[in-house]
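One structure is given below, encoded as structure tokens.
The values are calculated or read from the model by the stated rules, or taken from the named source; none is laboratory data. Bear in mind the structure is a predicted one, so any value in this text is a computation, not a measurement. Cβ sites come from the backbone with ideal geometry, for glycine too, and all protein chains shown count toward neighbours.
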Amino acid sequence: MFLHYDLANGYCNFGQSGFRLPTEAEWEYAARGGNCGPYYTYPWGNNRDTLKTNWPASGDPYEAGPNPWTTPCGFYNGELHQKSDFQWPGSQTSYQTSDGANGYGLYDMAGNTWNWCNDWYGHTYYSESPPDNPRGPATGTPMPDGRPYRVLRGGSWYNATHYPGDHSRCSNRDPAYYRGPGDPNGPWFQISFRVARPFRESTAVSEGNVGGNFLPRLEVTSPCRGVAEIRFGAAGRGHVLLTIHDLAGRRLRTIVDGQRDAGQHTAAWDGTDDSGRRVGPGVFFCRIRTIDGTASAKLLNLD
């Protein structure tokens, strides 16, 4: 599955298929949900919101017991969670979250844990790198032990204790040296990783069977004028949440929120928000969430 790497020297072949660690450029683009105008501090905007991601002193039910105080990815999805379902260490019997997903439907892209990237940490590389999808320097800046380290992105709940919000921003970066074996609170305990894989842009997102798990199918007519047709499907009967979001990840319209049978379904979006106001022309995202997972599709509205 991880066909990109030569384990003898760590070389990554970007021409191979399969999964690999993202580059810094890929990670930040994914963290921002594709939004780059304006650049926001967090995936949803510039406001620090402890109900959208794992930050210290948020009062969430995972802030109990020994470190690490990390939450399951996607915990902050806007739902009311029950202790009986999650078995968290805190005493709360339930906990209400806000939806912290970005425009691509990704969670915890700021806060929670630091994330490994493929690139070496170059002290000046980020300011000097090529503007078009850079793949990192050939080697890293030596740390106090004389060795180079890979880069970590996204900040975490731990750093936000000392620099509230600042170290949990999308653009935060750090060499793994400072979060690794020398960390006085435990080696590597606040680090995790996401993987990237080749993607061919399309108006349809259909994950199909990935790793044995059927993810929901989603397809939209794009560009559209007036009404966009949305086709979606799920593997089994269950709750379906189908929503429209802007580039900042803000939910504009809920199309479906209820039980649906297995199979293919259709819905429509007339270009209005939940209050009936027209949102105007622009790029939006249609997102589906079922018990099997999430999927999203870009939607260009011309009206």
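Worth pointing out:
- Residues located in segment 146-166, provided they are modelled with pLDDT of 90 or more and assigned to a loop (DSSP other than H, G, I, E, B): Gly146, Arg147, Pro148, Tyr149
- Search result, residues across segment 13-52 that are at pLDDT 85 or above, surrounded by fewer than 18 Cβ atoms within 10 Å (Cβ to Cβ) and touching a strand residue (DSSP E or B) at 6+ places or on another chain (Cβ under 8 Å): Leu51
- Search result, residues across segment 238-253 that are without any contact (Cβ under 8 Å) to a residue 40 or more places away in the chain and of a type outside the set (Lys, Arg): Leu252
- Strands (runs of 3 or more DSSP E) within segment 186-239 that include 2 or more residues modelled with pLDDT of 85 or more, of a type in the set (A, V, I, L, M, F, W, C) and under 30 Å from Thr71 (Cα atoms): none
- Among the residues making up segment 252-262, those that are surrounded by fewer than 16 Cβ atoms within 10 Å (Cβ to Cβ), part of a strand (DSSP E or B) and not acidic (Asp, Glu) are Thr254, Gly258, Gln259.
- Within segment 79-98, the set of residues being in contact (Cβ under 8 Å) with a residue 24 or more places away in the chain and closer than 26 Å to Arg251 by Cβ comprises Phe86, Trp88, Gln92, Tyr95, Gln96, Thr97, Ser98.
- Checking each residue in segment 263-303 for being farther than 12 Å from Thr221 by Cβ, out of contact with any Ser or Thr (no Cβ under 7 Å at 6 or more places or on another chain) and not in a strand (DSSP E or B) picks out Asp270, Gly271, Asp273, Ser275, Gly276, Arg277, Gly280, Pro281, Ile291, Asp292, Asp303.
- Among the residues of segment 254-286, the ones that are of a type in the set (Ser, Thr, Tyr) and touching a residue at least 60 places away in the same chain (Cβ under 8 Å) come to 0 in all.
- Among the residues of segment 240-251, those identified as closer than 18 Å to Asp303 by Cβ and outside any strand (DSSP E or B) are Asp246, Leu247.
- Taking the criterion of being crowded, with 22+ Cβ neighbours inside 10 Å and basic (Lys, Arg), the residues of segment 267-303 that qualify are Arg287, Arg289.
- In segment 217-237, the residue that is farthest from Gly78 (Cα to Cα) out of those that are without any contact (Cβ under 8 Å) to a residue 60 or more places away in the chain and among the basic types (Lys, Arg) is Arg231.
- Filter pass, Ala101 being without any contact (Cβ under 8 Å) to a residue 24 or more places away in the chain and within 30 Å of Phe14 (Cα to Cα): no
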